[in-house]
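All remarks here apply to the structure that follows.
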Amino acid sequence: MAKTLMEDDLNRRLVALLQQDGRMSHAELAERLGVSRPTIIDRVKRLEADGVLAGYAARVAPAAVNKPNVAFVAVRYKDNNEAIEQRFIKALEDEPDILEAHTVAGEDALMLKVVADTPAGIAERLRRIRALGPMVTTRTTIVLETHWEKAGPSPFPSSETPGKKAKK
(Lines give C-alpha, C1' and ligand atoms only; values in the text may rest on other atoms or scores of the structure.)
Protein backbone atom coordinates (compact mmCIF):
# COMPACT_ATOMS: atom_id res chain seq x y z
CA MET A 1 0.00 0.00 0.00
CA ALA A 2 1.42 3.40 -1.00
CA LYS A 3 2.09 6.05 1.60
CA THR A 4 0.08 9.26 1.48
CA LEU A 5 2.12 12.42 0.98
CA MET A 6 2.02 13.34 4.67
CA GLU A 7 3.07 9.88 5.85
CA ASP A 8 6.47 10.59 4.32
CA ASP A 9 8.96 12.05 6.84
CA LEU A 10 10.71 14.24 4.25
CA ASN A 11 7.39 15.77 3.19
CA ARG A 12 6.45 16.46 6.82
CA ARG A 13 9.80 18.15 7.49
CA LEU A 14 9.45 20.14 4.24
CA VAL A 15 5.96 21.36 5.23
CA ALA A 16 7.21 22.27 8.72
CA LEU A 17 10.01 24.41 7.23
CA LEU A 18 7.59 26.14 4.85
CA GLN A 19 5.28 26.88 7.79
CA GLN A 20 8.19 28.63 9.49
CA ASP A 21 9.11 30.61 6.35
CA GLY A 22 6.99 30.25 3.22
CA ARG A 23 9.52 32.32 1.28
CA MET A 24 12.41 29.93 1.89
CA SER A 25 14.13 29.15 -1.42
CA HIS A 26 14.19 25.66 -2.91
CA ALA A 27 17.99 25.72 -2.56
CA GLU A 28 17.81 26.48 1.16
CA LEU A 29 15.09 23.88 1.71
CA ALA A 30 17.23 21.29 -0.10
CA GLU A 31 20.28 22.19 1.99
CA ARG A 32 18.41 22.03 5.29
CA LEU A 33 16.77 18.73 4.42
CA GLY A 34 19.89 17.16 2.87
CA VAL A 35 18.35 16.42 -0.53
CA SER A 36 18.71 17.79 -4.05
CA ARG A 37 16.98 20.94 -5.27
CA PRO A 38 15.06 19.02 -8.00
CA THR A 39 13.75 16.67 -5.28
CA ILE A 40 12.43 19.67 -3.33
CA ILE A 41 10.87 21.24 -6.44
CA ASP A 42 9.09 17.97 -7.26
CA ARG A 43 7.86 17.48 -3.70
CA VAL A 44 6.60 21.06 -3.37
CA LYS A 45 4.71 20.71 -6.67
CA ARG A 46 3.10 17.45 -5.50
CA LEU A 47 2.19 18.93 -2.09
CA GLU A 48 0.60 21.92 -3.85
CA ALA A 49 -1.26 19.73 -6.36
CA ASP A 50 -2.58 17.49 -3.58
CA GLY A 51 -3.81 20.50 -1.59
CA VAL A 52 -1.45 19.96 1.36
CA LEU A 53 0.13 23.36 0.67
CA ALA A 54 -2.98 25.48 0.24
CA GLY A 55 -1.15 28.71 -0.60
CA TYR A 56 1.44 31.24 0.44
CA ALA A 57 0.64 34.57 2.05
CA ALA A 58 2.14 37.26 4.21
CA ARG A 59 0.79 37.13 7.76
CA VAL A 60 0.01 40.72 8.72
CA ALA A 61 -0.34 41.72 12.37
CA PRO A 62 -3.68 43.55 12.80
CA ALA A 63 -2.04 46.24 14.95
CA ALA A 64 0.51 46.91 12.19
CA VAL A 65 -2.30 48.07 9.88
CA ASN A 66 -4.05 50.03 12.63
CA LYS A 67 -6.65 47.33 13.34
CA PRO A 68 -5.57 46.10 16.78
CA ASN A 69 -9.08 45.25 17.98
CA VAL A 70 -9.87 41.58 17.34
CA ALA A 71 -13.16 39.83 18.04
CA PHE A 72 -14.65 36.40 17.54
CA VAL A 73 -18.26 36.65 16.45
CA ALA A 74 -20.72 33.78 16.77
CA VAL A 75 -23.51 34.05 14.19
CA ARG A 76 -26.96 32.48 14.34
CA TYR A 77 -29.63 32.33 11.66
CA LYS A 78 -33.31 32.31 12.54
CA ASP A 79 -34.12 30.88 9.11
CA ASN A 80 -32.69 27.58 7.88
CA ASN A 81 -32.42 28.23 4.12
CA GLU A 82 -29.30 26.83 2.42
CA ALA A 83 -29.37 29.25 -0.53
CA ILE A 84 -29.69 32.30 1.74
CA GLU A 85 -26.89 31.00 3.99
CA GLN A 86 -24.55 30.52 1.02
CA ARG A 87 -25.22 34.08 -0.23
CA PHE A 88 -24.62 35.36 3.31
CA ILE A 89 -21.31 33.48 3.58
CA LYS A 90 -20.23 34.84 0.17
CA ALA A 91 -21.10 38.39 1.28
CA LEU A 92 -19.04 37.88 4.46
CA GLU A 93 -16.08 36.76 2.36
CA ASP A 94 -16.16 40.10 0.53
CA GLU A 95 -15.77 42.02 3.82
CA PRO A 96 -12.04 42.82 4.20
CA ASP A 97 -12.05 42.95 8.02
CA ILE A 98 -13.58 39.48 8.42
CA LEU A 99 -10.47 37.32 8.44
CA GLU A 100 -11.99 33.86 9.04
CA ALA A 101 -15.37 32.18 8.80
CA HIS A 102 -16.10 28.68 10.10
CA THR A 103 -19.33 26.66 10.12
CA VAL A 104 -19.61 25.28 13.65
CA ALA A 105 -21.64 22.70 15.53
CA GLY A 106 -24.00 23.72 18.32
CA GLU A 107 -26.44 26.60 18.62
CA ASP A 108 -24.33 28.94 16.48
CA ALA A 109 -24.05 28.53 12.72
CA LEU A 110 -20.80 30.39 12.07
CA MET A 111 -17.76 31.65 13.95
CA LEU A 112 -16.02 34.69 12.48
CA LYS A 113 -12.73 36.43 13.28
CA VAL A 114 -13.11 40.19 12.83
CA VAL A 115 -10.64 43.08 13.17
CA ALA A 116 -11.15 46.83 13.49
CA ASP A 117 -9.37 50.03 14.47
CA THR A 118 -11.46 50.67 17.62
CA PRO A 119 -14.15 49.00 19.71
CA ALA A 120 -16.62 51.27 17.88
CA GLY A 121 -15.21 49.83 14.65
CA ILE A 122 -16.06 46.33 15.91
CA ALA A 123 -19.62 47.55 16.62
CA GLU A 124 -19.86 48.90 13.06
CA ARG A 125 -18.70 45.58 11.60
CA LEU A 126 -21.30 43.78 13.72
CA ARG A 127 -24.01 46.02 12.28
CA ARG A 128 -22.76 45.23 8.77
CA ILE A 129 -22.71 41.49 9.49
CA ARG A 130 -26.29 41.56 10.76
CA ALA A 131 -27.37 43.64 7.75
CA LEU A 132 -25.89 41.13 5.26
CA GLY A 133 -28.31 38.35 6.11
CA PRO A 134 -31.96 38.14 7.05
CA MET A 135 -32.71 37.29 10.67
CA VAL A 136 -29.05 37.10 11.75
CA THR A 137 -28.01 37.52 15.38
CA THR A 138 -24.49 37.75 16.75
CA ARG A 139 -22.66 37.13 20.01
CA THR A 140 -19.21 38.69 20.30
CA THR A 141 -16.08 37.92 22.30
CA ILE A 142 -13.42 40.64 22.29
CA VAL A 143 -9.79 39.51 22.29
CA LEU A 144 -7.80 41.23 25.04
CA GLU A 145 -4.41 39.77 24.15
CA THR A 146 -3.13 37.33 21.53
CA HIS A 147 -0.36 35.12 22.88
CA TRP A 148 0.44 33.30 19.62
CA GLU A 149 -1.01 32.13 16.34
CA LYS A 150 0.20 29.19 14.28
CA ALA A 151 0.61 29.04 10.52
CA GLY A 152 -1.34 25.78 10.42
CA PRO A 153 -1.48 22.36 12.03
CA SER A 154 1.76 20.47 12.57
CA PRO A 155 2.47 17.99 9.79
CA PHE A 156 3.77 15.55 12.41
CA PRO A 157 1.65 13.03 14.34
CA SER A 158 0.66 14.26 17.81
CA SER A 159 3.09 11.83 19.42
CA GLU A 160 6.00 13.12 17.33
CA THR A 161 7.72 16.48 17.17
CA PRO A 162 10.08 17.71 14.44
CA GLY A 163 13.53 16.23 14.89
CA LYS A 164 12.25 13.41 17.14
CA LYS A 165 11.16 9.99 15.99
CA ALA A 166 7.93 8.52 17.34
CA LYS A 167 8.42 5.94 20.08
CA LYS A 168 7.79 2.38 19.01
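Could you give me the residue pairs with C-beta distances under 7 Å whose first residue belongs to the stretch 101-117 and is without any contact (Cβ under 8 Å) to a residue 40 or more places away in the chain, whose second residue is among the small types (Gly, Ala, Ser) and in a loop (DSSP other than H, G, I, E, B) wherever it lies, and which are 6+ apart or on separate chains? Going by the 7 Å Cβ cut-off, the qualifying pairs are 103/109.
For every residue, the table says whether it meets (1) free of Cβ contacts under 8 Å to residues at least 24 places away in the same chain; (2) over 17 Å from residue 157 (Cβ atoms).
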residue: 16; (1), (2): no, no
residue: 25; (1), (2): yes, yes
residue: 36; (1), (2): yes, yes
residue: 40; (1), (2): no, yes
residue: 44; (1), (2): no, yes
residue: 47; (1), (2): no, yes
residue: 57; (1), (2): no, yes
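Yes/no per residue for (1) among the acidic types (Asp, Glu); (2) under 16 Å from residue 85 (Cβ atoms); (3) out of contact with any strand residue (DSSP E or B) (no Cβ under 8 Å at 6 or more places or on another chain); (4) buried (at least 16 other Cβ atoms within 10 Å of the Cβ):
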| residue | (1), (2), (3), (4) |
| --- | --- |
| 97 | yes, no, no, yes |
| 104 | no, yes, no, no |
| 109 | no, yes, no, yes |
| 123 | no, no, yes, no |
| 138 | no, yes, no, yes |
| 146 | no, no, no, no |
| 154 | no, no, yes, no |
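Screening the stretch 125-136 for residues that are surrounded by fewer than 17 Cβ atoms within 10 Å (Cβ to Cβ) and in a loop (DSSP other than H, G, I, E, B) and picking the one that is modelled with the highest pLDDT gives 135. Among the residues of the stretch 36-55, is any charged (D, E, K, R), part of a loop (DSSP other than H, G, I, E, B) and surrounded by fewer than 11 Cβ atoms within 10 Å (Cβ to Cβ)? No, the conditions are met nowhere in the stretch 36-55. Suppose the filter is over 22 Å from residue 153 (Cβ atoms), modelled with pLDDT of 95 or more and in a helix (DSSP H, G or I); does residue 31 pass it? Taking the combined requirement at face value, the residue satisfies it.
List pairs: first residue in the stretch 136-155 and within 23 Å of residue 18 (Cβ to Cβ), second residue among the β-branched types (Val, Ile, Thr) anywhere in the structure, Cβ distance under 9 angstrom, at least six positions apart or on different chains. Taking only residues 6 or more apart or on different chains, the pairs are 146/70; 152/15; 154/15; 154/161; 155/15; 155/52.
The values are calculated or read from the model by the stated rules, or taken from the named source; none is laboratory data. On a predicted model such as this, the values are computed, not experimentally measured, just so you know. Because the Cβ atoms are built from the backbone with ideal geometry, glycine has one as well, and the counts that use them run over all protein chains shown.
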